[in-house]
1. Give me the pairs, please: first residue somewhere in region 261-276 and farther than 16 Å from residue 57 by Cβ and open to solvent by 10 Å² or more (accessible area, probe 1.4 Å), second residue anywhere and modelled with pLDDT of 90 or more and of a type in the set (S, T, N, Q), beta-carbon distance under 6 Å, and either six or more positions apart or on two chains.
2. Taking the conditions exactly as written (more than 15 Å from residue 175 (Cβ to Cβ) and among the aliphatic types (A, V, I, L, M)), does residue 247 satisfy them or not?
3. When you scan region 289-391 for helices (runs of 4 or more DSSP H) that lie fully inside it, which ones turn up with 3 or more residues that are among the basic types (Lys, Arg) and free of Cβ contacts under 8 Å to residues at least 40 places away in the same chain?
4. What about residue 196, is it out of contact with any strand residue (DSSP E or B) (no Cβ under 6 Å at 6 or more places or on another chain), open to solvent by less than 50 Å² (accessible area, probe 1.4 Å) and either in a strand (DSSP E or B) or modelled with pLDDT of 85 or more (or both)?
5. Please tell me if residue 345 is farther than 24 Å from residue 365 by Cβ, of a type in the set (Val, Ile, Thr) and buried (at least 22 other Cβ atoms within 10 Å of the Cβ).
6. Go through (1) surrounded by 15 or more Cβ atoms within 10 Å (Cβ to Cβ); (2) at pLDDT below 85 and name the single condition residue 79 misses.
7. For region 359-384, which positions are touching a Lys or Arg at 6+ places or on another chain (Cβ under 7 Å) and either aliphatic (A, V, I, L, M) or not assigned by the TED database to the domain that holds residue 328 (or both)?
Amino acid sequence: MSSVYSDPIHGTHPEPIDHFDRLPDSLLLLVFNMIGDVKALGRCCVVSRRFHALVPQVENVVVRVDCVISDDDCSPSSSVKSRAAGPFSTLFRLVFGGIVKPLQALGQFLGPERPSLNKTLNTSSSSSLSVGLGGGEDGEMDQGGVTHHSPTQVLRNFNELRFLRIELPGGELGIDDGVLLKWRADFGSTLDSCVILGAASVFNKVHFQVPGHGNDGFCINNGSNVGNGDDNGCIPESFYTNGGLKLRVVWTISSLIAASARHYLLQSIIAEHKTLDSLVLTDADGQGVLCMNGEQLEELRVKPLSASSASKRTLVPALNMRLWYAPHLDLPDGVVLQGATLVAIRPSEQSASKKEVSDASWLSSAFEEPYGTAAKMLVKRRTYCLEMNSF
């Protein structure tokens, strides 16, 4: 029998039914998993007790970050920086901004065992939620009236976390305008593979007048098939004499340092969330992507990483590298790459059962279009082999 309520003007009426309560938990969890964004999930927590109880069961979480703070910025007198200083930054914390009310919700579902955190998020009007990727630090940091917290605090009560994506506000590597540099690295307890795609300049030939010379100093032929086989895939002599090779070495080392620093900073998250099947750490610029699948995550839990003695990053093992180069590469959608370079990297001691470095499908799948097509075109050219010591 339904309950009733009394209206002094219109008389007695049945109490209205909340049809939302009739939705099963499984359907609500499906919606929450589609939302993913940790800020939005924080807002959901204050809607009802039921939502408050369901959000910790979400499997798919996306953490988008507004700015990065390095160790040098951790003192109360220092100001918040909008980007990391570079790939050599030791430890950085990721800070959300402008989400005070969602913080209150997130603070509630982080659990009663962290009363100090709840108190901070619920009482400070200037609070900002930080998701630091510090290896092992779990405390709070007060900076300029804004309290920041580590990622283990933010993610601790996601009990069923399986898919985690963290997005930095930008790539760590400072590059000039018009220069292309993208990388993807896969890690277990150490580097499994890395692919780097770079170009001295990128333009669309439909909207751009092609210059007479590229940024590497070589002459540009405006023919549509240049770089696609007419030069027999050989690297021109000018590449070695005008700094082209040196620039690619800098790109490669910088990308590997950035990737190994990101990997090092993920240790605490991986250790706490044993249900994780996939972890991706990327950036809003699309510069670099670090990926770990379930097998690689378990490998890191079982076999701790080797840290570099010089900085807070994972030690990069000795490497075998293959390089492909085209002075001028025309892509099907009108995009033109000058000085296009693809570098495929594997550890020297990697098992022979792993994919070959020259596997075109593996290399092209590392990048979104049109750059996946660029990788496919580059691997058809002459291959140059290099080696690099551990660092």
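1. 264/314
2. So residue 247 fails the test.
3. Counting at least 3 such residues, we get no helices (runs of 4 or more DSSP H) at all.
4. no
5. no
6. Only one criterion in (1) surrounded by 15 or more Cβ atoms within 10 Å (Cβ to Cβ); (2) at pLDDT below 85 is unmet by residue 79, namely (1).
7. Selection gives 360, 366.
The values are calculated or read from the model by the stated rules, or taken from the named source; none is laboratory data. As the structure is a computational prediction, the values presented were derived from the model and not from experiment. As a convention, Cβ positions derive from the backbone with ideal geometry for all residues, glycine included, and neighbour counts pool all protein chains shown. These accessible areas exclude ligands, DNA and RNA; they are computed on the full protein's heavy atoms, side chains included. Shrake-Rupley method; radii C 1.70, N 1.55, O 1.52, S 1.80 Å.
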